[in-house]
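Below is one structure; the comments refer to it alone.
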Amino acid sequence: MTKVFLVLLLLLTTVSFVALAQGPGSGGPIPDPTDPTAVPIDGGASLLLAAGAAYGLKKLRARRRA
């Protein structure tokens, strides 16, 4: 177990150093300040919230029956 943990720790630290080794790049074009930056939370998030509530109710009902 300790050997596996050490190998994973070494792998993750090595990957993080490689990820930080990239240059900053050119920066790209300057964004237009008039573009809207807000994104509405709709569709997927509301479905995920409803699914989580339904799952929680199912678990509560199962706990009461047991």
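Please give the contour-minus-distance gain from residue 63 to residue 9: 0.36 nm per residue of separation, less the Cα-Cα distance, rounded to one decimal in nm.
Numbers: separation 54, 0.36 × 54 = 19.44 nm, distance 3.91 nm.
Computed gain between residue 63 and residue 9 is 15.5 nm.
Taking 7 Å along the Cα-to-C-beta vector as the label spot, tell me the residue 1-residue 42 distance in nanometres, rounded to one decimal.
About 5.1 nm separates the two model spin labels.
What is the order of 34, 13, fewest Cβ neighbours within 10 Å to most?
Details: 34 5, 13 10.
Sorted ascending by nearby Cβ count, the order is 34, 13.
Taken together, the values in this text are just the output of simple stated rules run on the coordinates, not laboratory data. Worth saying up front: this structure is predicted, and the values here are computed from it rather than measured. As a convention, Cβ positions derive from the backbone with ideal geometry for all residues, glycine included, and neighbour counts pool all protein chains shown.
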